[in-house]
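The values are calculated or read from the model by the stated rules, or taken from the named source; none is laboratory data. What you see is a predicted model, and the numbers here were worked out from it, not measured in a lab. Neighbour counts run over all protein chains shown; Cβ positions are idealised from the backbone, glycine included. Note: accessible area is taken over every heavy atom of the protein model, side chains too, but ligands, DNA and RNA are not part of it. Shrake-Rupley method; radii C 1.70, N 1.55, O 1.52, S 1.80 Å.
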Amino acid sequence: MPLHLLQDTNPIHIDPNGYMTKPKYIIEHGFRRVSPYYHDFSTTVKARWFKKPIAHVLTTELGQDSKTIEQGIQDGSIYISTNCNKVDSGIKLSPEETRTHLFRNHDILHATQHVHEPPILYKGPIEVVTENDDIVAVSKPSGMPTHPSGAYRWNSLTSILREEHGYRKLYPCHRLDKATSGVLLLAKNAETSSRFQSAFNDKNNTDKWYLARVKGRFPSEPFVFDHPVFSLSYGGYINIRNTSQVPISSTGFELVKYSEELDQSIENSKGQFKLQIEQQLHEMVRSKLKETGEKFVDLDALVNKRPELKEQMAELKWLRDTNHDRELKDVCPECSKILLSDPVNEEIYLHAHRLRHRGDISLDITTKMPEWANI
């Protein structure tokens, strides 16, 4: 696909310091890219950051260059506010205090960063499935976060819908993981969002159908599997909000179709390594639940009992940060960040699609089958 810029009906805004505050989208080689830009952001501390210094968090999770981080701390563009639960705006730490502080609850990380958003897949404009005065239902593509978070701001669903369809303010009514595609409901006002979120919390009031493509052959008869739902990130950490209290989830499965030809597949070494670690985690959970019969499991405690597993998770993070699967393209002259080649498909999406949503406030919405379902 040739390189071109998406039409931009709004001018690019430049702040008093000359920073671009509205970057352009670029479509190239099947990816949607965002031109690099500066952004002032703040975020509350995450549980996995506890007792870790700011440099560790910025290098391991946000991929920042250590020299750039040190310069930012020194000039005050990177700092920590602490005791934010006791003081309105918190207490701003000095450069030396910011450098040595270990994150704790009620801390806020502030930083002005030169942002290189990861590219996301591009197969055309986002499809609006249905719409009324209160909600809009879309078919979210794989590899796209729902709202600005982490390394993604402009390459998020709500930001792209604003550019492509002119929606100024949308409120996601439920979660749909970045790697998962399919039906996603967004409210046009806060009142509707609150109503839908309450309805979603009523498990007896909502039915959700997901389509998945997996390795091997599923049983011919429908069955229900009771197990915590979690996955391992390529960053080496577990993708779930509270790893110390992971709830059991009941999921029903039914075989739709099977391909003899595709039963065996080829995976690259990193993908296979990640799968092996995930399988160990899930086997540990199954054994623990069988032993205790409880409705929650402390995944942190299980992992801490297996130092070799923690080492493997750390190694996965290291593999991601090297050029085992991606080649070094360049180094940014402004922020010294290492720029890599485009990510491989398995880092962007899963073969998981939310096919249908029925319930809460008399809705029944179905999307088209994804391309990968044609086996």
*Inter-residue pairs, beta-carbon under 6 Å, first under 20 Å from SER287 (Cα atoms) and in segment 219-235, second open to solvent by 30 Å² or more (accessible area, probe 1.4 Å) and hydroxyl-bearing (Ser, Thr, Tyr), 6+ apart*: VAL224/SER250; PHE225/THR251; ASP226/SER250; VAL229/SER249
*strands (runs of 3 or more DSSP E) contained in segment 108-201 and holding at least 1 residues aliphatic (A, V, I, L, M), under 30 Å from LYS51 (Cβ atoms) and in contact (Cβ under 8 Å) with a residue 12 or more places away in the chain*: 108-115
*Those residues of segment 209-230 which are within 14 Å of VAL303 (Cβ to Cβ) and either in a strand (DSSP E or B) or not aromatic (Phe, Trp, Tyr) (or both), in sequence order*: PRO228
_Take the residues in segment 48-62 that are of a type in the set (A, V, I, L, M) and part of a helix (DSSP H, G or I); name whichever of them is nearest to GLN113 (Cα to Cα)._
LEU58
*Restricting segment 106-146 to residues that are touching a strand residue (DSSP E or B) at 6+ places or on another chain (Cβ under 6 Å) and among the small types (Gly, Ala, Ser), which is farthest from GLY72 (Cα to Cα)?*
ALA137
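One line per residue, one yes/no per condition, for (1) at pLDDT below 80; (2) within 20 Å of the chain's Cα centre (by Cα); (3) within 22 Å of PRO125 (Cα to Cα):
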| residue | (1), (2), (3) |
| --- | --- |
| SER156 | no, yes, yes |
| CYS173 | no, yes, yes |
| ASP177 | no, yes, yes |
| SER194 | no, no, no |
| SER198 | yes, no, no |
| LYS203 | yes, no, no |
| VAL224 | no, no, no |
| THR243 | no, yes, no |
| LEU255 | no, no, no |
*Working only within segment 316-341, note down all residues that are modelled with pLDDT of 80 or more and under 22 Å from the mean Cα position of the chain (by Cα).*
LEU339
_I'd like to check something: does segment 291-313 contain any residue that is open to solvent by less than 80 Å² (accessible area, probe 1.4 Å), among the basic types (Lys, Arg) and touching a Phe, Trp or Tyr at 6+ places or on another chain (Cβ under 7 Å)?_
no
*Restricting to segment 177-194, what's the tally of residues that are buried (at least 20 other Cβ atoms within 10 Å of the Cβ) and out of contact with any Pro (no Cβ under 6 Å at 6 or more places or on another chain)?*
7
*Please find, among ASN105, ASN132, the residue that is more than 18 Å from the chain's Cα centre (by Cα), assigned by the TED database to the domain that holds GLN245 and surrounded by fewer than 14 Cβ atoms within 10 Å (Cβ to Cβ).*
ASN132
*Search result, residues across segment 71-93 that are within 20 Å of ALA151 (Cα to Cα) and open to solvent by 50 Å² or more (accessible area, probe 1.4 Å)*: TYR79
*asked:* Looking at segment 283-290, can you tell me whether even one residue there is open to solvent by less than 50 Å² (accessible area, probe 1.4 Å), in the same structural domain as ALA179 (by the TED database) and at pLDDT below 85?
replied: no
